[in-house]
Structure formats: C-alpha cells, structure tokens
1. Select, from TYR147, TYR206, TYR182, TYR151, the only residue that is buried (at least 22 other Cβ atoms within 10 Å of the Cβ) and within 16 Å of the ligand (Cβ to nearest atom).
2. Filter the stretch 214-263 for residues that are free of Cβ contacts under 8 Å to residues at least 12 places away in the same chain and either within 16 Å of the ligand (Cβ to nearest atom) or polar (S, T, N, Q) (or both) and give the result.
3. Residue by residue through the stretch 413-432, note down the ones that are modelled with pLDDT of 95 or more and open to solvent by 20 Å² or more (accessible area, probe 1.4 Å).
4. For the stretch 433-454, name all the residues that are surrounded by fewer than 21 Cβ atoms within 10 Å (Cβ to Cβ) and in contact (Cβ under 8 Å) with a residue 12 or more places away in the chain.
5. So, PRO148, is that one of a type outside the set (A, V, I, L, M, F, W, C) and not in a loop (DSSP other than H, G, I, E, B) or not?
6. Please state which one of GLY345, GLY355 is in contact (Cβ under 8 Å) with a residue 24 or more places away in the chain and either within 26 Å of GLU432 (Cβ to Cβ) or among the aromatic types (Phe, Trp, Tyr) (or both).
7. Select, from ASP75, ASP162, ASP118, the only residue that is surrounded by fewer than 20 Cβ atoms within 10 Å (Cβ to Cβ), over 28 Å from ALA445 (Cα atoms), free of Cβ contacts under 8 Å to residues at least 40 places away in the same chain and away from the ligand (no atom under 16 Å from the Cβ).
8. Here are some conditions: (1) open to solvent by 10 Å² or more (accessible area, probe 1.4 Å); (2) at negative phi. ALA140 meets all but one. Which one does it not meet?
Amino acid sequence: MPMSNISRRRFIKTVAISTTAIAVGSQLTGCSPARFLHGVASGDPRQDRVVIWTRVTPKRRHAGQESVLWVVATDAQCKQVVGAGIEKTDASRDYTIKLDVTGLQPGTTYYYRFHSQDNVSPVGKMRTLPEGDVSQFNLAVVSCSNYPAGYFHVYGEIAARDDIDAVLHLGDYLYEYGDGGYATGDAAALGRVPNPATEILTLADYRTRYAQYRSDPKLQEAHRRHSFICVWDDHEVTNDAWRDGAENHNEGEGDYPSRKAQAIQAYFEWLPVREPDGGDRNYIYRQFSVGNLVDLYMLDTRLLARDEQLDYANYFTSSGGFDAAAFQADLTDPNRTLLGLEQRGWLQQQMAQSGATWQVLGQQVLMGRMNLPAPIATQQISFSQYQQLAYLAQTNPGALTPQQWAILQAPSIPYNLDAWDGYSVEREILLETARNLDKNLVVLAGDTHNAWANNLQTVGGVNVGVELATSSVSSPGLETYFPNENPDALAAGVTQIIGPLQYANLQHRGYLVVRFSADECRGEFRYVSTVKSASYENLAAYAQDVMSLPGADNRTVIVL
Ligand SMILES: [Fe+2]
C-alpha cells in the first residue's frame, strides 16, 4: 500500500530499530534460523524492483496465520534500510512469502532478510537490472536439477561466483518421479531419496517435493547469493508435457488440467517469479530489458500452447515400412506450434520494437537442427558402428553389403521430436523474423542434459543466430544411453555429422556463463567432474578452444 514519504521514513526507522533488536536477541540465544529452513530467494529483477521470497516454517501443523517482517537494505548488515514491511502467510500458500519490492535504483546491489517473532533469516543478496548505456551483462544459465540423481555442486559453483548479474533457470527445477523412477538408481546411496517416495500428483505432493529440493544447502546458497529468472519446462508438471497432456500422465492419475493447475500453484508459491500482469499464471512468458545491451525474452515452449509431440512409432505401417509422407505432412503442418500464435506474435512485436544489441531467447528445448542418420536416430545401429561403416565405404567400398549401403544412404531425420525439430515450421518463422529484422539472435536452451553450441540456420542455410545450450545440474546425459561409446569420440562424431553443430559435451554436468558486451557475446561452458560424490573437481580447464560463430553486424559469439 502506498505510504506518504514521511510516514514511510518513520516506519522504516522503526522497523530498523526493532529488527536490530531481534537480530541481537537471536545471536545471544544462538538460534539457528529454524523458522526459515528453506532459505531466502530473489528473482525477476527489473530496474526498480525485485521479487523476494522466503518460507516461514510453522511451529505447529495447523498454525493459522504467520506474520513476517521483511527488510531491504543497501548493506549486508541490513542497517541502511530502504524498504520494509510486514507480510502475512498461511497454509493456503504453504507458508511461503513472496513480494515485489519496488522503488529500487537500477544496477544496484541490495540485501534483504526476513524476521519472524523469534527468528531471523539468512541475508540474501540481489541486484536490479541496469538501465541506459550498459557495457557488460553476465548471466549464469542452468537447467535440469534432479535431486535424487546427484549432488547440486553446480548450484554451489554458481553461488560462489561474484561476476554474474542474474541466474537463468530454464526449467526442470525439480522432477516428478517417485523412488524407483527416472534417475533415482543412486538416490539411496546418496541420501537423496525423493520425498514423497511416490510420483507427485497433488498440490501437497508438489509442495513436499519443492520443500525437499529447497532443503539442499547448495541450491539455497545459489538463491541467497543471486537473483534468479526462471521458466518451467515439463518436469515441473510431468515428463514431456504439452498443452493438454503429457507422456507421464495417465487416466489413473486423475484429471490432467487439475494436476497441471496444482503444479503451477506450487511453482508460483515456491519460486521467486513475479505474478503475471493479468493474474493468469498460465502466462509465464515475459521480457527483461537490460538497457541498450540485451532484451531477454523468457518463453514458455511447454505448457501454454504446445501441440502434442509427434512420435515416429505412429508412422510405421502394418508392413513395417515408415510412412515418410504422412510424417512429413504432420511435421510441416503450418498450424503446428510450440509457442502459440499469441506468444509468437508478442515475441515478434517485441523484437521488432527492441533497440537492444542482443536479442536473447531464454527457453527450454533445443532450437538448433539436430538431424541424425535415420538408423542412428531410431537406434537400429550404434554411432560407432555407423562410423565404422562410413570409414569402410571410403577405404574398402567393395566390402559393404547392399544392406550396409542402405544404412549409409538412409536420410537424416530429427532425433528429438520434443525439441524445436518437431516444430520446424514455427522455428523457421522465428529465424526469418530475426533475419528480416537484422537482429543479433542468441538462443539459450536446456532440457537435453548435455551442452551444445549450434549455428541457427534457416532452411536456406543462412546463419541468423547462435544457440548455446547448457548441460544439466545433475540429470544424466546422453552418455548414459550410449555406455559403450567414448563420450569424447561421440561428441566429435556428432559435431561432424550434424552440420550446424559446433560444439558438444556429452559427459559432464555443468552450467553456462554468457557474457554480453557491445561487441561480443561470450559463452563459457563450465563443468564439474562428478555429481555422484560429495567431493568433486571444477573442470573449468576442460573447456574447448575459443570458437567464433558468425553473428549479424560482424559481432561475434565466442564459445570458450
Ligand atoms: Fe531435464
């Protein structure tokens, strides 16, 4: 509620005094922040506002309403208070607190904390976006954090960095599976068995799962030290979700729209995401302007409007042949969409109006064209077997059988129909938009659990942008599906076979730092040696040589 300047100043002064008293009191009694077990978080920074978050752990199961005092200050001791107030919460929002702190200055670091009657939260750090002539802006990019699959070392690495302005989370913040489900094989040994132990289906389930993830100290520390900008992917609801359904949802699990709504409710309760303007939480896509340097568009390719994924299995005829014509007709249906007309139109309009040097899409699935020879994509033959045949075809062609020639002559097809490859008409529309507007397009992606750098080319082969796709925080990558392949050789082979693909890492969990300046965009892939033990090495030195990808206006995108 608006306050007059005088009463606001007096209120802040009063709060500052009373919070000091509480802080001293808790230090004297040696209290740990038992009421703030899930830490603090900030998100969706703009020039004048940032969302701050915490959860107050109720003392009793049915505790009624809880009041929490919040303080925002310019110093880490929270003495130079610039904003404060009291928020109430209760069981209807799982005792989470989330508010938009306004009236802040651009490009400024702030500190915040929360006070309950008898406890003080850790002090969080956050930063507003800069405005005007911005010379440098750095993002850390993550996706696919899977609690039972491994330790969150990647979050710990990001928490320790002082050189990033915000963290982009591109989805799969959590996974829906129960114990025994996907990537839970090591969970018991790691002490990270999913809670609840069953697949999450209800609001209570989703809340419990968020609470478990947010009990992780490294994730808490990443949130405490940086402002996050988040979008969901499929697993925030369930695997391979689309507008009206999902691969991992069946009728026995209840009504899908209801499950989706409950998952979205828990997402908004637990993540520092701003409530959408119109109040409809299905509309999570939004824009962040970083002065004249970057316009960042966070997209929803998953829940809002996505048409159902195509499946190769549906195009095999009764005689066992593949009906390529029917598949092609469905794939190139001009109405087929990931974004939906409304979101796509919004994106095109915002890009057209933008004067920023870099147009950045923060979104879930790979946009780069990832076509593999059909026998590999359909797993009739392994990658190395295919390479051996190709080698033989060059060195001793007479030794190949007609069947082997047929394998080598099979067309290349998209290997992942859940990605933009399964929605290629709309991809072309976006790429042509960027081309016609002569924009520097950088697409950021997650989802695959491996790291990639791709040239984004129109069907005509014109480079219009670059895609940088981060590895996962802990979800297993392609290497687990090809255990007999050498991951270095596999990455080299894949980049050779897929023309626009410039870089791949198929073995390490990690994250991406993207540095924007007026002249260049620099993508730095960073990895950890393992997520399966508490100790690990930072594999910064593992990065590839500097590689320059073509950008518009002679600006370069460099991958390190
Ligand atoms: Fe994932």
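1. Just a single option satisfies the conditions, and that option is TYR147.
2. Correct list: ASN250, SER258.
3. SER424, VAL425, GLU428, ILE429, GLU432
4. Listed by number, the residues that qualify are THR433, ARG435, LEU437, ASP438.
5. Yes, satisfied.
6. GLY355
7. None of the other options fit; the residue is ASP75.
8. (1)
The values are calculated or read from the model by the stated rules, or taken from the named source; none is laboratory data. Being a predicted model, the structure only gives us computed values, none of them experimental. Reconstructed Cβ throughout: ideal geometry from the backbone, glycine too, with neighbour counts over all protein chains shown. Surface areas here come from the heavy atoms of the whole protein model, side chains and all, with no ligands, DNA or RNA. Shrake-Rupley method; radii C 1.70, N 1.55, O 1.52, S 1.80 Å.
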